[in-house]
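Engineer: Please read through the structure below; I'll follow up with questions.
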Amino acid sequence: NSNEWQLRPYFSSSELDPKGKMSIVRSLYRSLLRYSRHPEVFPPDMVEPILSKYELPQHTILNTNKLRDIIRDEFKQDVDEDVEGEGSSERTSQAFSVVRFCSERSAFLQPDSLPETLAAFIYGKPELPGSLVHFHFFEPRYKVMIKEAMEEREKRFLYLYTRPAAAEQQLGSEEGESLIGQCGVVLSVEECLFEDDGRANIRAICGPRIRVTDIVEQRVFEGSPLSELSYETITDTPPTNDEDRKEIAETARHYEYLVHEIYRYIPRVRIETQLGIAPSSSHSENFSLWLAKWLQGNVIVLFSSCGA
């Protein structure tokens, strides 16, 4: 929450009395409890220190309930030690950092709004929501795309996985129309470093799934098109039958347990740095997408680690 972050410079100010500092601590506490409904928005690098501090096994499931227990324990120490203490100030500073990360990651994965149209980067590897990706843009069309994304498009563009024929589309042609109906994700740029010639190195987070509804505009750069597309977001239709809902919930919990059991053999930091913390199985759609990413990248690693 941007309003909370505006308070940070004043926290260490001598003009702010203990009552004011405790008000900030409570605000941080409420924010973290709210974010705990979605464990996937928390920073992956906090997992190892938490497991170590609380002497939890590597395969611990950091679901909503477990996160809330940890948050309550951390903030209880602030109350017990008094907000003036050195340990309290350090924990509050860490809490600020976590809230900021959660706020940014939540905006990437669950944005309140999106531009009606976005330019599309077409590539040959499928990606799913929550994946961390890195690209080096050097083609003229994509140099324009990333510049406009950073300056005019909320640091966002579309990522489409499609067959090679559709990548060479011409407006109004059969190949061009084949983009309509294609699926992808909205990419949100976390970091972008431009070179003098306009090339760019980016780190981005894959956000909501989308389906292309129309080709709004095409511009050609050195013979290659850059497509401006309209799109709709994709969400699964939840089952209406109680029995189906129960079966889905039980299946998700089962696979959540299996995935975390595998952390007995594979360092979880290796996976969570790339994929993020697993969503809670209570959000079955988000968890199933995370599991698909996990399987996509780690089946071979798993079998080699287990000696299979």
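The values are calculated or read from the model by the stated rules, or taken from the named source; none is laboratory data. Note that this is a predicted model, so its numbers are computed, not measured. Note: ideal-geometry Cβ built from the backbone for every residue, glycine included; neighbour counts use all protein chains shown. Each accessible area value is taken on the protein alone, full model and side chains, heavy atoms only, with ligands, DNA and RNA left out. Shrake-Rupley method; radii C 1.70, N 1.55, O 1.52, S 1.80 Å.
Engineer: Keeping all protein chains in place, calculate the accessible area per residue for segment 173-294 (probe 1.4 angstrom), answer in Å².
Structural biologist: 51
Engineer: Related question: Need the full-extension length gain, L33 to T237, defined as separation in residues times 0.36 nm minus the C-alpha distance. One decimal, nm.
Structural biologist: That pair, L33 and T237, stretches by 70.7 nm at full extension.
Engineer: Okay, moving on. Over segment 106-161, give the accessible area per residue in Å² for a 1.4 Å probe, as an integer.
Structural biologist: Heavy-atom SASA per residue in segment 106-161 reads 48 Å².
Engineer: Could I ask something else about it? When only DSSP loop residues count, what GluC sites (Glu not before Pro) in segment 175-268 have their Cβ near at most 10 other Cβ atoms within 10 Å?
Structural biologist: When the GluC sites (Glu not before Pro) of segment 175-268 are filtered for loop state and at most 10 Cβ neighbours within 10 Å, E222 remain.
Engineer: If r is the Cβ-Cβ distance from T60 to H136 and R0 is 45 Å, what FRET efficiency results, to the nearest 0.05?
Structural biologist: Values: r = 37 Å, r/R0 = 0.82.
After rounding, the FRET efficiency stands at 0.75.
Engineer: Work out the FRET efficiency for T273 and D69 from their Cβ-Cβ distance, taking R0 = 22 Å, and round it to the nearest 0.05.
Structural biologist: In this case the efficiency is close to 0.35.
Engineer: Sort the following peptides by mean Cβ neighbour count (other Cβ atoms within 10 Å, averaged over residues), highest first: 45-58, 266-279.
Structural biologist: Highest-to-lowest ranking by the protection proxy: 266-279, 45-58.
Engineer: Same structure, new question: Could you order Y231, Y142 so the one with the most accessible surface comes first? Probe is 1.4 Å.
Structural biologist: On the way: Y231 30, Y142 10 Å².
Final ranking, largest accessible area leading: Y231, Y142.
Engineer: Using θ = phi - 60° and the Karplus curve 6.51 cos²θ - 1.76 cosθ + 1.60, what whole-Hz ³J(HN,Hα) does each residue of segment 208-225 get, with Gly and Pro shown as x?
Structural biologist: So the J values, rounded to whole Hz, are x, 6, 9, 10, 5, 10, 6, 9, 7, 7, 9, 10, 10, 10, 6, x, 10, x.
Engineer: Each residue of segment 59-73 in turn: what ³J(HN,Hα) in whole Hz from Karplus with 6.51, -1.76, 1.60 and θ = phi - 60°, glycine and Pro shown as x?
Structural biologist: Ordered by residue, 3J(HN,Hα) equals 8, 4, 8, 8, 7, 4, 5, 5, 4, 5, 4, 5, 4, 4, 5 Hz.
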